[in-house]
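Engineer: Let me give you the structure first, and then I'll get to my questions.
The values are calculated or read from the model by the stated rules, or taken from the named source; none is laboratory data. All values reported here derive from a predicted model rather than from experimental measurement. In case anyone asks, the SASA skips ligands and DNA or RNA and just uses the protein heavy atoms, side chains included. Shrake-Rupley method; radii C 1.70, N 1.55, O 1.52, S 1.80 Å.
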Amino acid sequence: MKRHIPLLRTFSNRSLRLFALAPVTLAAAWTLAPMAASSLKAADPEPAKNEGLKNEAPKNERPKQDAPKQDASKTLPDLKVDNSPLPAGTPTYAPIVDRVAPSVVTINTSTSKTTDPSNSLSGHPLFDDPMFRRFFGIPENENPQQQKPNPRQNPRAPRPPAPESDSAGRGGPQGRKREQITPLGLGSGVIVSPDGYILTNNHVLEGADKIEVSVGKNGKPYIARKVGGDVRTDIAVLKIEAKGLAPITFSDSDNLRSGDIVIAVGNPFGLTRSATMGVVSAIGRNTQMSQLADLGNFIQTDAAINMGNSGGALVDYQGRLVGINTAIFSRTGGNQGIGFSVPSNMARSVMESLIKHGRVLRGFLGVGLQDLDEALQKEFNTEPGIGALITEVQQGTPAQKAGLREYDVVLSVNGKKVESVQDLRLTVAGMQPGAKVNLQISRERKPLDITVQLAEKPEKKEVAQAAPEPDPDVLDGVTVADLDDATRQEFKVPANIKGALVTAVEPDSIAATVGIRPGDVIQEVKRRPISSADEAVKLSEELKKEKQVLLRVYSRGGSRLVVLESKP
């Protein structure tokens, strides 16, 4: 009998956290403690009763002192003042900020809900929490303040009349329901056209029923319409009815380099038109940001970015847009010099697709992919840091129609080198469906060119996902069994997957240390398909003297390749 031990996942509050920068709510209060008037005014002494003591000061009282006289001879210090403007050619970022600031707007979001005045809890956020309702046994469609008939009371007995309400809907159950507007927060946006198209982050608009955009120094308000949003890149597009706005100028973000000077302009904490300067710390950040946008390819900068900067502009030294500020890494929630922006090229591509089609059209290849570690580089004879290994080719996809195979290594797309799985995914996703692309691949250590016509990427998740990082392992200490209906159901193995099911792994084995676990399926051993447990055991015996053996394993919803390496 097997005993199932649930997996517990904990998250330390000391760990580095990713913060989306908007929306941010503002609350400020200043308390002035009034000072009692008596504490500011000294009490006058009583007049003396004995005239003979007129000139004597009463006991326990201080004699009156004359107010200090002002010395007319004292003058203010002679200050040194120079009101002339800075000489021409003095280094300053002011012209850049002056050029960019009119293109950056403030975004206010809010949500509205109808409340029932008869229910004192209807406006409380806990009342809308399903966990709260279940804990206190409140049905989803029931008002906790509604009176229920007492089972001991005669149901035909007359009930007290309900309180009357006034014309404004106040007073009791008969009052009219009210619309309650709850501010969600503040964010930033960038004007991209004179007629009112605005770029921002998708998370800025999350849950909003009403979106208000403030434009210009005076903050002229406009009601905005959401054209569309894309969760996978965290980009959204708004439209306001306006003319003659100041659009920003786009730049080619692919030309950015680490060390380039950039300026972030936005509205942190509602402080409009705030500008901070820094440099590009790195480009191509994606794995660290997958929890926010899985197709992101972010610019990292040390320009100060804070809450409310989301959707604001990141510009180069000439004031051209190179990124949309999105998130920060922080232990405290405030700026710590690690900020991220969506590259302008990606933001522009998503924006144009949303405006033209109402959704984002992405190219689709139809393969499962895996990065190559050092062992796989030796196995496939590829250069370090180049290539993405194909682990699965889906039926009926552009990849299958073009003749791509498992174990092919994609080296370049249209002449551009592929550095990783994420690099290939972003390149293909950035192309239009129907586009023909040339792939240079390595098949059995020989170069080969293949032309593929991309299809449109399905909206829902594909079966083939990018595989987890490869884990070298060995078969020693691994127990396998045949797959049947019961084990397939228990370990959620699809019917089309064939091989030997891993049922146990010895704790002191190499397989255990690298992550092989019960529920994995060994599909191939040295490129030879496995159809049963006996076949897997037989092959493992034959290959005991091999120093390196390539395995194909189905694990966690996808296939991956691992290299078996014997202990030195």
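Engineer: Roll a 1.4 Å probe over the protein heavy atoms and report the accessible area of Glu542 in Å², nearest 10.
Structural biologist: Its accessible surface works out to 110 Å², give or take rounding.
Engineer: Along its principal axes, what span do the Cα atoms of the stretch 175-240 show, with the longest given first and each in whole Å?
Structural biologist: 46, 34, 18
Engineer: Which order do Met307, Met277 take by accessible area at a 1.4 Å probe, largest first?
Structural biologist: Correct descending sequence by accessible area is Met277, Met307.
Engineer: Separate question: Leaving ligands and nucleic acids out of the surface, order Thr249, Thr90 by accessible area at 1.4 Å, largest first.
Structural biologist: Descending order: Thr249, Thr90.
Engineer: If you don't mind, another one. Which whole-Hz ³J(HN,Hα) couplings does the stretch 308-324 yield from phi under the Karplus relation 6.51 cos²θ - 1.76 cosθ + 1.60, θ = phi - 60°, glycine and proline marked x?
Structural biologist: So the Karplus estimates, Gly and Pro as x, are x, 7, 4, x, x, 8, 10, 10, 8, 5, 9, x, 8, 6, 10, x, 10 Hz.
Engineer: Oh, and also: Which pairs, out of Lys226/Lys417; Lys217/Lys243; Lys210/Lys243; Lys401/Lys492, put more than 25 Å between their alpha-carbon atoms?
Structural biologist: Lys226/Lys417; Lys401/Lys492
Engineer: Rg (Å, one decimal) plus Dmax (Å, integer) for the alpha carbons of the stretch 323-385?
Structural biologist: Over the stretch 323-385's Cα set, Rg and Dmax evaluate to 18.7, 46 Å.
Engineer: Quote the accessible area belonging to Leu245 in square angstrom, nearest 10, computed with a 1.4 Å probe and with ligands, DNA and RNA left uncounted.
Structural biologist: Here the residue's solvent-accessible area equals roughly 30 Å².
Engineer: Rank these residues by their accessible area, most exposed first, probe 1.4 Å: Lys544, Lys239, Lys226.
Structural biologist: Lys544, Lys226, Lys239
Engineer: Compute the whole-percent fraction of alpha carbon pairs in the stretch 256-412 spaced more than 18 Å apart.
Structural biologist: The share of Cα pairs beyond 18 Å in the stretch 256-412 comes to 67 percent.
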